[in-house]
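Just below is one structure, and these are the notes that go with it.
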Amino acid sequence: MNNRRTVSGAGVTHMLSTILAKVNNIEKLLSPSVENLPDSEILDSKGVRLLTKMSDRTLLRRRNDGTLPFYRDKGKIYYRRSDVLRAVLLEKSENRKK
């Protein structure tokens, strides 16, 4: 009746160590480029497009799917430079795995 599988302590430990290794790998990818950037450096949409060579449509898609954090002020959209670079690096690392 009970279809639950039990995982041994060693299995859980192995899964957690695998997850931790992947998180550490992501941190290593992000830290060299983003570490020293001030969060106060703000870009508008044009600045992001020039920095990343993204089209307007791609920028809109990234905002809508949540992969690119943004802020609104008086109807205008702004981005932190560090958030933009972090999103681009994550996208590149995910594309390499495919």
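Before moving on, here are some points about what is shown:
The rows are residues; the columns are (1) touching a Gly at 6+ places or on another chain (Cβ under 7 Å); (2) part of a loop (DSSP other than H, G, I, E, B); (3) at pLDDT below 85; (4) closer than 19 Å to residue 42 by Cα.
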{"site": "59", "(1), (2), (3), (4)": "no, no, no, yes"}
{"site": "67", "(1), (2), (3), (4)": "no, yes, no, yes"}
{"site": "79", "(1), (2), (3), (4)": "no, no, no, yes"}
{"site": "86", "(1), (2), (3), (4)": "no, no, no, yes"}
{"site": "96", "(1), (2), (3), (4)": "no, no, yes, no"}
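- Residue 55 under 20 Å from the mean Cα position of the chain (by Cα), of a type in the set (S, T, N, Q), at pLDDT below 80 and open to solvent by less than 100 Å² (accessible area, probe 1.4 Å): no
- Per the conditions (1) within 12 Å of the chain's Cα centre (by Cα); (2) without any contact (Cβ under 8 Å) to a residue 40 or more places away in the chain, the sole criterion not satisfied by residue 42 is (1).
- Flag if residue 72 is in a helix (DSSP H, G or I) and out of contact with any Pro (no Cβ under 6 Å at 6 or more places or on another chain): no
The values are calculated or read from the model by the stated rules, or taken from the named source; none is laboratory data. Worth saying up front: this structure is predicted, and the values here are computed from it rather than measured. All Cβ positions, glycine included, derive from the backbone under ideal geometry; neighbour counts span all protein chains shown. SASA here: full protein model, heavy atoms, side chains in, ligands and nucleic acids out. Shrake-Rupley method; radii C 1.70, N 1.55, O 1.52, S 1.80 Å.
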